[in-house]
Amino acid sequence: METLQFIHSGWAYIVLLVLVIATFNALIKFFGNKEYDALDFRFSLFALITMHIQLLIGIILFFTKDYFGTIKEVGGMGAVMKNSELRNLIIEHPITMIIAVALVTIGYSKHKKKLVSKPKFKLLAIFYTLALILVLAKIPWNLWFN
């Protein structure tokens with residue numbers, strides 16, 4: 001389980017880097033009225049792929065850590081919700097990251113249907129920026145910088 005946690009934590013750096021690159025690429029090219037090319041496609045695709053891999057690792061980790069046992073042990077969901085550390089670990093972080101992955105997936109899917117550059121970049125910029133904000137809000141920074 002420690003190995004899986006290490007992979008999840010390490011992969012998060014890659015996810016964050018790729019998501020930042022894809023987001024800023026979309027924003028810069030949208031506001032710069034640039035043409036959409038193969039590199040733009042790769043940035044958005046790599047962000048999608050890395051986030052989905054991270055989600056799968058996170059889901060496996062969630063169920064192998066026996067959070068359901070932890071919930072029972074502390075006295076139920078009411079107790080979890082009163083404990084900010086447990087609430088973040090068991091509820092807020094997973095749900096927020098699932099929403100972020102959904103936003104990237106929606107943005108990627110919708111941008112492929114557009115035929116010209118400006119709308120493609122607009123969709124990527126909106127959805128990827130929202131996802132990036134959520135990811136930045138729920139990264140456990142205290143664990144990253146210990």
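Just so it is clear, none of the values below were taken in a lab; they were calculated from the coordinates. Note that the structure is predicted; figures quoted are calculated from it, not measured. Here Cβ is always computed from backbone atoms with ideal geometry, including for glycine, and neighbour counts include all displayed protein chains.
A Cβ distance below 7 Å, combined with a sequence gap of six or more or placement on separate chains, defines the contacts here; from segment 116-127, residues that are of a type in the set (S, T, Y) reach residues that are outside any helix (DSSP H, G or I) in the pairs S117/K34; S117/E35; S117/Y36.
For segment 6-53, the set of residues classified as among the acidic types (D, E) and buried (at least 17 other Cβ atoms within 10 Å of the Cβ) consists of D40 only.
State whether the residues of segment 110-127 include one that is among the charged types (D, E, K, R) and within 30 Å of M1 (Cα to Cα). The answer is no, given that none of the residues of segment 110-127 is among the charged types (D, E, K, R) and within 30 Å of M1 (Cα to Cα). Put simply, of K112, K118 the only residue that is over 17 Å from H52 (Cβ atoms) and among the basic types (K, R) is K118.
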